[in-house]
Amino acid sequence: MPLERVESLAAQGVTRIAVSASTADPELARDELSAFAERFGLATASAGQPR
């Protein structure tokens, strides 16, 4: 998802976006979702830790 799309959604008041991986392979899915989180500054040091 391009940054411009995320910014456009935020400008419309969107506070949550549901995303999914394009693969059923757990390791590849984790990598894809982690890359998405990092790109938008959503990754944290505790990522992957139970809340």
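The values are calculated or read from the model by the stated rules, or taken from the named source; none is laboratory data. For clarity, every value in this text was computed on a predicted model and none was experimentally measured. Virtual Cβ from ideal backbone geometry, glycine too; neighbours counted across all protein chains shown. Protein only, heavy atoms only, side chains kept; ligands, DNA and RNA dropped before computing areas. Shrake-Rupley method; radii C 1.70, N 1.55, O 1.52, S 1.80 Å.
Subtract the Cα-Cα distance of Ala35 and Arg5 from 0.36 nm times their separation in residues, and report this length gain in nm to one decimal.
Numbers: separation 30, 0.36 × 30 = 10.80 nm, distance 1.66 nm.
Separation in residues times 0.36 nm, less the Cα-Cα distance, equals 9.1 nm.
Heavy atoms only, probe 1.4 angstrom, no DNA, RNA or ligands counted: give me Leu33, Leu9, Leu28 ranked by accessible area, highest first.
Ranking Leu33, Leu9, Leu28 by accessible area, largest first, yields Leu28, Leu33, Leu9.
Below 12 angstrom from the Cβ of Ala21, what's the summed charge of the other residues (Lys, Arg +1; Asp, Glu -1)?
So the environment of Ala21 carries a net charge of -3.
Full extension from Leu42 to Ala21: what is 0.36 nm times the residue separation minus their Cα-Cα distance, to one decimal in nm?
Here the answer is 6.0 nm.
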